Amino acid sequence: MTVTDSVADVATPTGPMRTYFYAPHDPHAARKRPGLVLYSEIFQQTPPVRRLAVTFASFGYVVAVPEVYHAHEPPGCVLGYDDAGKNRGNALKQIIAMSDFDADARAAVDALVAHPACSGSVGAVGICLGGHLAFRAALLSEVRATACFYPTDIHSGTLGKGGSDSLQRAKDVRGELLMVWGRQDPHIPAAGRRAIYDALDAAGTRFTWHEFNAAHAFLRDEGERYDPSVARQAIGLAVDLFARAL
């Protein structure tokens, strides 16, 4: 599958949000495709995130990757996989109000639906911080399926300035959720995963749950924590969900 890419600055209440679009190109079949909002880690669109977006696009989806820190970093900013980048990313995720993250989700979904290659059927997917932001996107009625890979801060309610009410709003999720975890992930310990499972179950949410023997960031195809076998299985689970629900 040939994948084309483009860039747009999407209007939000806190300023333009640089967003990267990846779309399958088939000159012999000009049909519209379902869309996915793909949320990055705290480092924004790094090369591994871009490759993940291209992977999903190659399965036949129009993928939008918004810059989650657009109100605090210049367009095109990519934080490094080092202590400086980690410290900056972790600091920024604490000073942005959840209402701003939610407004950005609204804008990203609207931009994706308006994309000329998108059919209007929309899902979300995210990793780490992005897994939590994908969960928040799932609160929008248009989002029919969401894949959350090791989403941080859901169990603790600590994302954003003033914290988040994500677990309390589990009942507002109308689409289907896929929750994927690494059992050796120190950021979401067993007790935290259990709290999330119990909240989703009590809310009557439609979800599937998968835990692998893997570390945090096992999807990132750089560094020692990358697990290609688990990553392949996890991406396959998401693709199966989107094929069924979108």
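No lab work stands behind these numbers, since they all come straight from the coordinates. The model shown is predicted, which means the values in this text are computed figures rather than measured ones. As a convention, Cβ positions derive from the backbone with ideal geometry for all residues, glycine included, and neighbour counts pool all protein chains shown.
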Query raised in the report: If you take the residues of the stretch 158-214 that are assigned to a strand (DSSP E or B) and in contact (Cβ under 8 Å) with a residue 60 or more places away in the chain, which of them is nearest to the chain's Cα centre (by Cα)?
Result: Leu178
Requested in this report: With respect to Ala203, determine if the residue is surrounded by fewer than 18 Cβ atoms within 10 Å (Cβ to Cβ), among the aliphatic types (A, V, I, L, M), touching a helix residue (DSSP H, G or I) at 6+ places or on another chain (Cβ under 7 Å) and over 23 Å from Ala57 (Cα atoms).
Outcome: yes
Query raised in the report: Would the stretch 56-70 turn up any residue that is in contact (Cβ under 8 Å) with a residue 24 or more places away in the chain, in a strand (DSSP E or B) and of a type in the set (S, T, N, Q)?
Result: no
Requested in this report: Can you tell me which residue among Ala111, Ala134 is touching a strand residue (DSSP E or B) at 6+ places or on another chain (Cβ under 9 Å), in contact (Cβ under 8 Å) with a residue 40 or more places away in the chain, crowded, with 17+ Cβ neighbours inside 10 Å and within 26 Å of Arg225 (Cβ to Cβ)?
Outcome: Ala134
Report summary line: When the stretch 69-99 is checked residue by residue, the ones that are charged (D, E, K, R) and either in contact with a Phe, Trp or Tyr (Cβ under 6 Å, 6 or more places away or on another chain) or buried (at least 17 other Cβ atoms within 10 Å of the Cβ) (or both) are Glu73, Arg88, Lys93
Query raised in the report: Looking only at residues in the stretch 28-56 that are among the β-branched types (Val, Ile, Thr), closer than 22 Å to His72 by Cβ and out of contact with any helix residue (DSSP H, G or I) (no Cβ under 7 Å at 6 or more places or on another chain), which one is surrounded by the most Cβ atoms within 10 Å (Cβ to Cβ)?
Result: Val49
